[in-house]
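First up is the structure itself, then whatever we jot down about it.
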Amino acid sequence: MAHSIPFSANSHASFFCLLIFVLIYWKGAPVYGAKREHDKPYHVVNVKSLDPNPYCIESTKDQSKRESLKVVHRHGPCSHMNEAQTSAPTLAEIMSHDQARVDSLQHRLRVKLDRNSLDDSEATLPVKPGRSIGTGNYVVTCFEQQEPIFNPSASQTYKNISCTAPQCSQDLKLDCTRSTNTCVYAALYGDMSFTIGLYATETLTLNPFDVFPGFAFGCGLNNTGLFNGSAGLLGLGRGSPSFLVQTASKYGRYFSYCLPTLSSASGTLVFGKDGGTTNSAGIKYTPLSTSSNGPSFYFIEVTGIKVAGELLSICQSVFSSPGTIIDTGTVITRLQLEAYDALRTTFRQLMMNYTMTQGVLPFDTCYDFTGHNTVEVPTISFVFGGNVEVPIPFPGILIGSQELACLAFAGNSDASDEGIFGNLQQQTLDVVYDVAGGKLGFGTGGCS
């Protein structure tokens, strides 16, 4: 069966003896058109498109390049991981796990953790949305094999890392089994899932041309929680144990992805500049920065938010003081309190023609579109450092169904907490990480 693996741009984990990579994703709605209402730009959308699509629709994007991996949603019809599932998680369940992840990330940043560790941001190799760690995630499928569990004893290239090896103390500050001189790791995630196992090396083969001997990874022996169906995690953070760092000689610390809009569609995860993007000429770059609070995270500068083409009145210090990270493991974007209040107020004013309804936490701006064939929703765009304006695709504006469609943003509980640019707002965009060059690129139409 095809191997699936969760991935995350902020995770610096390698992958388990189970081999799956997952990216967080929630079913979105396609935009059927856009028009200007009273000189304001709006999305005009068929309300039925807010409901889940039961059919698998493959992306038309070229995935033939060997550096390119397919991405799908774990609970969508394109994912083999969904075959045994009777139903997808509810919106309330998705957001409960998502909040646990956010709490964990912000706690790490708040207490200035300086230790690299496995975290719950995941990446998969053809990306499919999945929910293995903390939320509904994207997963990638690598290759065909008979069993999803990796058996170290059957490998001639597998080797446990000894207690005295530099990786045992430098990479993850792990424990040690003195009797066998074997390095041991343990990782606890925000949703209380955990994995414990051996720290080891193996020859990692993504395809016949991209082979990495001596790749360090965690071989999970005791995995509990939301790992169901996943073979492992692929970490793409800045930390030394991550996939990104260990493959730097080949890929130059450069990767890109497109998260698909529909749970029934597929996207891509690409390593190296040679993999290219759908529209490389249309990519606009904003600076990437680092912080001593979280050296493995990708910090970006948010300078403003536009709703229906108008820049909201938000002091720039609201964004710059705590800062903002981009994270594929978080579903919905978290904003600083003042920024969210401005967004919510303006959005509600422009949606007064629709009936508001009670939402589920953390949503406080939700609508019941029953009786409507189409809805007109104001556009939202983010402005990043370098005056880079990124339009948020419609699936990143509303989340849910036609009976319960909620503004897909939430405010932080504390003004000092960092903002998080989540995966829902990244859907259908080409997102390019030129880590060596210190910049992050955005382009539209990435999955088509």
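Take the residues in region 291-317 that are β-branched (Val, Ile, Thr) and in contact with a Ser or Thr (Cβ under 9 Å, 6 or more places away or on another chain), then tell me which one is surrounded by the fewest Cβ atoms within 10 Å (Cβ to Cβ). Walk me through it before giving the result.
Keep residues of region 291-317 that are β-branched (Val, Ile, Thr), which gives 300, 302-303, 305, 307, 314.
Still in the running and in contact with a Ser or Thr (Cβ under 9 Å, 6 or more places away or on another chain): 300, 302-303, 305, 307.
Working: Ile300: 23, Val302: 24, Thr303: 18, Ile305: 22, Val307: 22.
If we take residues in region 291-317 being β-branched (Val, Ile, Thr) and in contact with a Ser or Thr (Cβ under 9 Å, 6 or more places away or on another chain), then Thr303 is surrounded by the fewest Cβ atoms within 10 Å (Cβ to Cβ).
Table: residues versus (1) at pLDDT below 95; (2) farther than 22 Å from Asp51 by Cβ.
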site	(1), (2)
Pro322	yes, yes
Thr330	yes, yes
Gln336	no, yes
Ala339	no, yes
Pro378	no, no
Ile392	no, no
Leu407	no, no
Gly411	no, yes
Does Ile392 satisfy the criteria of being open to solvent by less than 40 Å² (accessible area, probe 1.4 Å), within 19 Å of the chain's Cα centre (by Cα), under 17 Å from Pro41 (Cβ atoms) and hydrophobic (A, V, I, L, M, F, W, C)?
yes
Flagged in region 336-375 as in contact with a Cys (Cβ under 9 Å, 6 or more places away or on another chain) and open to solvent by 50 Å² or more (accessible area, probe 1.4 Å), in numbering order, are Glu338, Met356, Thr357, Gln358, Asp364
Please determine whether any residue of region 76-85 is out of contact with any strand residue (DSSP E or B) (no Cβ under 6 Å at 6 or more places or on another chain), at pLDDT 70 or above and open to solvent by less than 40 Å² (accessible area, probe 1.4 Å).
no
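Can you name the strands (runs of 3 or more DSSP E) wholly within region 375-448 that have at least 3 residues being of a type in the set (Phe, Trp, Tyr) and either in contact (Cβ under 8 Å) with a residue 24 or more places away in the chain or more than 20 Å from Phe297 (Cα to Cα) (or both)?
none
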Going by the structure shown, is Thr286 touching a Phe, Trp or Tyr at 6+ places or on another chain (Cβ under 8 Å), open to solvent by 10 Å² or more (accessible area, probe 1.4 Å), part of a strand (DSSP E or B) and within 30 Å of Ala436 (Cα to Cα)?
no
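The values are calculated or read from the model by the stated rules, or taken from the named source; none is laboratory data. Predicted model, so just to flag it, every value in this text is computed and none were measured. Cβ: placed from backbone, ideal geometry, glycine included. Neighbour counts: every protein chain shown. Side chains included, ligands, DNA and RNA excluded: accessible areas come from the protein's heavy atoms. Shrake-Rupley method; radii C 1.70, N 1.55, O 1.52, S 1.80 Å.
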